[in-house]
Amino acid sequence: MIQDIIDVFQLFIFSYSSLTMVIYVIMAVLSYKGIMLYRRKNREHYTQNVISSPLSPGISVIAPAYNEGLTIIDNVYALMHLNYPLYEVIIVNDGSTDDTLEKLVEHFELKEVDLPYNEKIKTKAVKRFFRSTNRAYEKLLVIDKENGKGKADASNAGINASKFDYFLCTDVDCILHEDTLSRLMRPILDEKSRSRLKDIQVIPDTGYIHVENNQRRVIAVGAPLRMINSSEVDNGVITRFKPPHKVLPRFQELEYIRAYLLSKMAWSSINCVPNVSGGLGLFDKHIAVKVGGYDPRSFAEDIDMVTRMSVYMIQNNHKYAIRYIPVSLCWTEGPQTLPVFSRQRVRWARGLIQIMLLHRHVLFNFKFKRLGLIVFPYNFLFEFLAPIFEVLGLLFYIYLIVIGAINWENTFTLLAFLYMFSVLVSSIAVLWDQLIERHYRKTSEVIGLCLTAFAEPFIYHPLIVFFSIKGYIQSMFRQKLVWGNMQRKGFASQKSTVKNQA
Amino acid sequence: MTVDQTFIAVIQAIVATSFIGTFVAYVVIMVLRFRTAKAKRRQDKLDQLIEDRILPQFIQEMGNESAHVSIDQAVLDELALMDKRNRQTLIDTLIRLRWHVAGTNALILHRIYVLLGLNLDSLQKMKSRKWYRNVQGLHELTLMDYAISDIDILRFNLSEESELRSAARSAFMRFSKNEPFRFFDEVRDPLSIWELIGFFRILEQSRDTVKSNFANWIRYSRNKTVVICCMKLAAHEQSLEAIDSIEGLLNVNDHSLRSHAINALGHLRAVHTQETLIKMYPNQPVDCQCEILFSLGMFRTTRSMEFLTEQFQSAFDFEIENHVAAILARLVRNKQLAWNPLHLPSRKQRILNYYLHEQ
């Protein structure tokens, strides 16, 4: 009987791992096709049109700031030098207790204004609005509000105050590529239906016929985020890209490349993107407001909003798309210490469990089409359950060792199989990244990053699994979540730090 | 061989494949890096050549309409020996320059492009069996103003690849002598805003040569995106003969089509439609109401300004209130409306003041 259970469990774990790998192979193929198509469609001079056109839609760039005094000036400068004809920058001071607001007021010559404000999405009280008296900073709007205990509430205040139809949500500590807006806007402007027009609709008022418009509405667009930790930054501009030197950010860099270039690009090519990251995402404001914006109670407010937007579109029979582009446009500072990293990953795990519970009606529901039959099942089976199965698998192996029933030769073969495959997947992700852009100056830096993949299964992956399980357990016992501070190092000091080290 | 042994053999094969795959990935990365370094050196060399021996000619003749561009035989010889990649780099550089100049200067760049024989490279791309090479060729020829015959372009209009159809439309619009928008008759797929942006760009680059009567397509096209596109183009080109056709769309059920029509009437300053717009205003959704207010702001008649001020005073909807306030503020700032808002409730005054001072 026990042997039967062991056999079944062994088969199950092997099938699960094999299925995961098959999915990765499919993703690699899909993402490669997506990347090559993007490269062909986006030669440099093709995208120039949007930068100089009066038809380019306006974008509100929303960046919440909480105790960002160290880097705020550099970051706002970077946001105000984006290459796009029509946009505004909204900085939401989310009740900072440091000198973030004072620095903004002083540096950008801000004065209080009586902005007409409509609270379409409920937020904590907004206290004041500031605009610059200097024409050079006319794009800038600063909102001062009570602390909403998270990015969601501040972002919602920014959405309420925004004047354009699209908003870009980012973190104020992120550094954006100067072409971020034009590149993210292209999929919105260029979305077409795959089929030629067929359905003919008679318009009775005029007596003539119009063909039905069967285009999809692109409700969100995202792009890869990367680690900035060891890069050199000068006045909000990255002057030299380097892979992070410290262990944790370095692993995260590899993880981000894999997640964005293999996974999200693949999902994008079949219109099944599960999430547009909170660090960089362009959204259709109309739909975002319809679903109530970000949920401040959510631990994964970005996935939550994207899911609600998708559900809204499906329930109202609107064709929609969520797109990812493969070009890295945003650089952010990753957690460098274990406690900060632990907080981030525990929060993500709790966010995932929250999403699964909150939107459980979507899971395996035919009414929700791809969302219910591909996106949610994948998230449930291969994101949510993966850490649990991994721990069960580990416990099972320990049990087999204890009872002396293990076949060491086969075990090592299986481990080598898992190990080499994970290294291969990471190497392919780095290769895909190199196909798009070669940010790192030295080949040794790229190879160094590839070699990190060999250590990942031993150091980084167990940490991820541990923090995920910790998050699930905390969720089960309804423990209060500690958001904590990111403890940023700041970009201003990075250049000098690197030089001193040299 | 037992089942277990077969299973292990399969696993071992996958391990070996993964190992080889990883190795191959590293080799490809190295090759890519090597090629990038080589391309960088090539670009530097070409930049130097352009800067030293081609650009001085361009700068010297800038603004001179009767400029005769000649390039040293030595430079031409050097370029003739260059491989395809070098010539592509040269085309890209000329296109980059082309983005920043117009008129005579654009003509000089065009002459350099032809003189160096780069047009042949672009024409060659049009013969390729790969759709993206065709797109590249069409883009290069369009951007460098190298005319190609209608027949050469029209064959791409039936392509399965939407990107190629789109590039062909842009090229046709740029080079067709008789009716640059004739392709609107045959468009069976939706036009995207991206294409419309491209059309606008071409209109700006060739202001004197591209003219068309959009009225027919607005009235008879069965493709909604073509109708919207034509309304925008008519508004941009101030094509007044399109007004009647656009007016016909004020009664359609489709809100989006109607709001585009109202907007176009505003841009075309079709003042005679003022009463119709005012009459239909109360029954419209917010987006159409905003467009009506915009159009009335463009008309700038006594009646339209009266209507705008009335709407501002009575509006409760936040969007309408702010929209009309911004229009009124612009009129006041441009001294087209003398209006003393002191009798307004303080909230309305605050809104108006914000737009008066901030925008």
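With axes computed from alpha carbons, what is the tilt in degrees of helix B:193-205 against the longest principal axis of chain B, rounded to the nearest 10 within 0 to 90?
Helix B:193-205 sits at roughly 90 degrees to that axis.
Report, to one decimal in Å, the Kirkwood hydrodynamic radius for the protein assembly as shown based on all distinct Cα pairs.
30.2
Only sites in a loop by DSSP and with at most 16 other Cβ atoms within 10 Å count here; which GluC sites (Glu not before Pro) in the stretch A:389-475 make the cut?
Those that pass, being in a loop and sparsely packed, are A:E437.
Kindly put B:C290, A:C169 in sequence by how many other C-beta atoms sit within 10 Å of each C-beta, fewest to most.
B:C290, A:C169
With unit charges on the beta carbons (Lys and Arg positive, Asp and Glu negative) and the dipole taken about the Cα centre of the protein assembly as shown, which residue among A:L184, A:A63, B:S128 sits farthest to the positive side?
After comparing all options, I get B:S128.
Only counting other Cβ atoms within 10 Å, I'd like A:S230, A:S342, A:S310, B:S149 sorted with the fewest neighbours first.
Values: A:S230 20, A:S342 17, A:S310 28, B:S149 9.
The order, fewest Cβ neighbours first, is B:S149, A:S342, A:S230, A:S310.
At a threshold of 8 angstrom on Cα-Cα distance, excluding pairs fewer than six apart, so keeping six or more, what relative contact order does the stretch B:130-231 reach in percent?
23
Which of the GluC sites (Glu not before Pro) found in the stretch A:59-111 are loop residues per DSSP with 15 or fewer other Cβ atoms within 10 Å of their Cβ?
A:E109
Rounding to the nearest 10 and keeping the result within 0 to 90°, find how far the Cα-based axis of helix B:255-267 lies from the longest principal axis of chain B.
Relative to chain B, helix B:255-267 is tipped by roughly 80 degrees.
Select from the stretch A:13-65 those chymotrypsin sites (Phe, Trp or Tyr not before Pro) which occupy a DSSP coil region and have at most 10 other Cβ atoms within 10 Å, ordered by residue number.
Of the chymotrypsin sites (Phe, Trp or Tyr not before Pro), not one in the loops of the stretch A:13-65 has a Cβ with at most 10 other Cβ atoms within 10 Å.
Among B:A9, B:A264, B:Q311, pick out the residue whose Cα is farthest towards the positive end of the charge dipole of chain B, where Lys and Arg carry +1 and Asp and Glu carry -1 on C-beta, about the Cα centre.
Looking along the dipole axis, the top candidate is B:A9.
Once label points are set 7 Å from the Cα along Cα→Cβ at both B:A147 and A:Q479, what is their separation, rounded to one decimal in nm?
7.7
Using just the Cα positions, wrap chain A in a convex hull and report its mean projected area in square nanometres, one decimal place.
Mean projected area for chain A: 28.0 nm², to one decimal.
For the Cα atoms of chain B, what angle does the longest principal axis make with the long axis of helix B:224-237, in degrees from 0 to 90, nearest 10?
Once rounded, one gets 80 degrees.
Lys/Arg Cβ at +1, Asp/Glu Cβ at -1, dipole of the stretch B:156-300 taken about the Cα centre: which of B:L296, B:N283, B:V227 is farthest positive-ward?
In the stretch B:156-300, that residue is B:L296.
Rounded, prolate or oblate: pick one for the stretch A:269-426, where a ≥ b ≥ c are the square roots of the eigenvalues of its C-alpha gyration tensor, a/c under 1.5 means rounded, and failing that, prolate if a/b is larger than b/c, else oblate. Present the calculation step by step, with values, prior to reporting the outcome.
Working: a/c = 2.14, a/b = 1.79, b/c = 1.20.
Prolate is the answer for the stretch A:269-426, as a/c is 1.5 or above and a/b outweighs b/c.
If amide H atoms are built 1.01 Å from N in the plane of the peptide, which residues on other chains or at least 5 residues away come under 5 Å of the amide H of A:V92?
A:A63, A:A65, A:I143
Using a 10 Å cut-off around each Cβ of peptide A:422-431, what is the average number of partner chain Cβ atoms that fall inside?
Average neighbour count from other chains, rounded to a whole number: 5.
Compute the Cα gyration tensor for the stretch A:42-98, then decide on rounded, prolate or oblate, letting a ≥ b ≥ c be the square roots of its eigenvalues: rounded whenever a/c is under 1.5, prolate when a/b is larger than b/c in the other cases, and oblate in all that remain.
Because a/c hits 1.5 or more and a/b exceeds b/c, the stretch A:42-98 counts as prolate.
Can you give the helix-only mean residue ellipticity at 222 nm for the protein assembly as shown, where every DSSP H stretch with n ≥ 4 adds -39500 (n - 2.57) and the sum goes over all residues, rounded to the nearest 500 deg cm²/dmol? Numbers along the way, then the final one.
On the way: 35 runs with 473 residues, N = 861.
Computed ellipticity for the protein assembly as shown at 222 nm equals -17500 deg cm²/dmol.
What are the DSSP H helices in chain A that stretch 18 Å or more along their long axis, judged by alpha-carbon atoms, and whose average Kyte-Doolittle hydropathy comes to at least -0.5? Walk me through the intermediate numbers first.
Working: long enough: A:2-41 (58 Å, 0.98); A:301-315 (21 Å, 0.12); A:338-358 (29 Å, 0.50); A:386-403 (25 Å, 2.27); A:408-436 (42 Å, 1.29); A:443-455 (19 Å, 1.47); A:460-476 (24 Å, 0.72).
Qualifying helices, which must be both long enough and hydrophobic enough, are A:2-41, A:301-315, A:338-358, A:386-403, A:408-436, A:443-455, A:460-476.
Which FRET efficiency value, to the nearest 0.05, do you get for A:F396 and A:N365 by plugging their Cβ-Cβ distance into 1/(1 + (r/R0)^6) with R0 = 35 Å?
Details: r = 32 Å, r/R0 = 0.93.
The value I calculate is 0.60.
Among B:I292, A:I388, rank each residue by its count of other Cβ atoms within 10 Å, from fewest to most, as a rough exposure measure.
So the ranking, lowest neighbour count to highest, is A:I388, B:I292.
Charges only on Cβ, +1 for Lys and Arg, -1 for Asp and Glu: so what's the dipole of the stretch A:215-344 about the Cα centre, in debye to the nearest 20?
The calculation lands at about 320 debye.
In peptide B:25-34, how many Cβ atoms from other protein chains are near each Cβ within 10 Å, on average? Could the numbers behind the result be given before it?
On the way: counts 12, 7, 1, 5, 12, 4, 1, 6, 8, 1.
Whole-number average of other-chain Cβ neighbours for B:25-34 is 6.
Relative to the Cα centre, what is the charge dipole magnitude of chain A, using +1 at the beta carbon of each Lys and Arg, -1 at the beta carbon of each Asp and Glu, and rounding to the nearest 20 debye?
In debye, rounded to 20, chain A gives about 700.
Classify the stretch A:5-151 as rounded, prolate or oblate, taking a ≥ b ≥ c as the square roots of the eigenvalues of its Cα gyration tensor: rounded when a/c is under 1.5, otherwise prolate if a/b is larger than b/c and oblate if not.
Oblate, because a/c is 1.5 or more while a/b does not exceed b/c.
Suppose every Lys and Arg Cβ carries +1 and every Asp and Glu Cβ carries -1, with no other charges. What dipole size does chain B come out with about its Cα centre, to the nearest 20 debye?
Here chain B has a charge dipole of around 460 debye.
No value in this document is a laboratory result; all are computed from the given coordinates. Remember, predicted model here, so these are calculated numbers, not experimental data. So basically every Cβ, Gly included, is an ideal-geometry build from the backbone, and we count neighbours across all protein chains shown.
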